[in-house]
Amino acid sequence: MVPNGINSFWLENSFLNQQKYNCNRILFVGDINKNKNLKALIAACNLLISKDVHVVLDVVGDGPYLRTFSSRKYPFEVNFHGRVTDKNQLLRLYRNADILAVPSFRETFGLVYPEAMSQGLPVIYSREQGFDGFFPDGHVGYAVNPKDAGDIAQGISKIVSDYPRMTQNAYNESRHFTWDIVAEKLLSVYQQSVPD
C-alpha cells in the first residue's frame, strides 16, 4: 500500500523534544463524531486515572458530539480547542503534546498520524485500519482495538514506558511521508503493473 504524503509544512518544521519527562499529555485531532471514537479515548484516560496515572487530554475538532463531551466533568484535565485550521496553531498543539491518540472505527489513512510523528509524537491508531501495517507494532506507536478502552489505555502505557525510543522513531519515520517519496513509490507500482 502506498501512503498519502503530508504537507511539506510539517517536515520543514519537524521537531523532536527529547527533554520530555512525564509523557502524559494526549492529543486527539479529528471530527467529534461516533466514528472518530473520542468516547473510547476518554474511557481509556479514565482507566489510567484509576491506576494513578496522571493524564491531560487535548481535543482538537468539531462535530455533532462536541457539546455533549465539552459539557461533562472529568476526573482529569480535558481541554477542548474546537476546529483548528491554522497550521501554526496546530503545530503548537502537537509540540505541546506527548502522544497522539485517534482510535477511529474506520480510517482510510489518517494524515494526522504522520503530521504528529513529524513533531516527535508516538501514535495510537486502530488495528486493521488505514495506518496499521505501515510500521511494526511498537515502532512508532501501537495499533489498538477501538472497541476496547483497556487496550487503548494499555497502548498509551506502553508508549510512556518506552518513550525516548518511540519519540525518536516517530520523528525519523515521518520522513517517509514526503510527496517525493510517495511519488516514487507510485511510479514503481505503475511500472510493475505495465507488461513488458
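Structure notes:
- Normalising by residue count, the chain has a Cα convex hull of 117 Å³ per residue.
- Over the chain, DSSP H runs of length four or greater, each weighted -39,500 (n - 2.57), average out per residue to a 222 nm ellipticity of -11500 deg cm²/dmol.
- Modelled spin-label separation between residue 7 and residue 165, with each label point placed 7 Å from Cα along the Cα-to-Cβ direction: 3.4 nm.
- What the phi angles of segment 51-60 give under the Karplus curve with 6.51, -1.76 and 1.60, with θ = phi - 60°, is a coupling list of 9, 6, 9, 6, 9, 10, 10, 9, 10, 10 Hz, glycine and proline written as x.
- Point-charge dipole on Cβ atoms (K/R +1, D/E -1) for segment 21-193, about Cα centre, debye to 20: 480 debye
- Relative packing of 93-106, 117-130, 65-78, which averages over residues the other C-beta atoms within 10 Å, highest first: 117-130, 93-106, 65-78
- Segment residue 31-residue 137, length gained on full extension (0.36 nm per residue, minus Cα span): 35.6 nm
- Per the Kirkwood formula applied to alpha carbons, segment 56-144 shows a radius of gyration over Rh ratio, Rg over Rh, of 0.97.
Only the coordinates and a few stated rules stand behind these numbers; no lab work does. From a predicted model like this one, the values you see are computed outputs, not experimental measurements. Neighbour counts run over all protein chains shown; Cβ positions are idealised from the backbone, glycine included.
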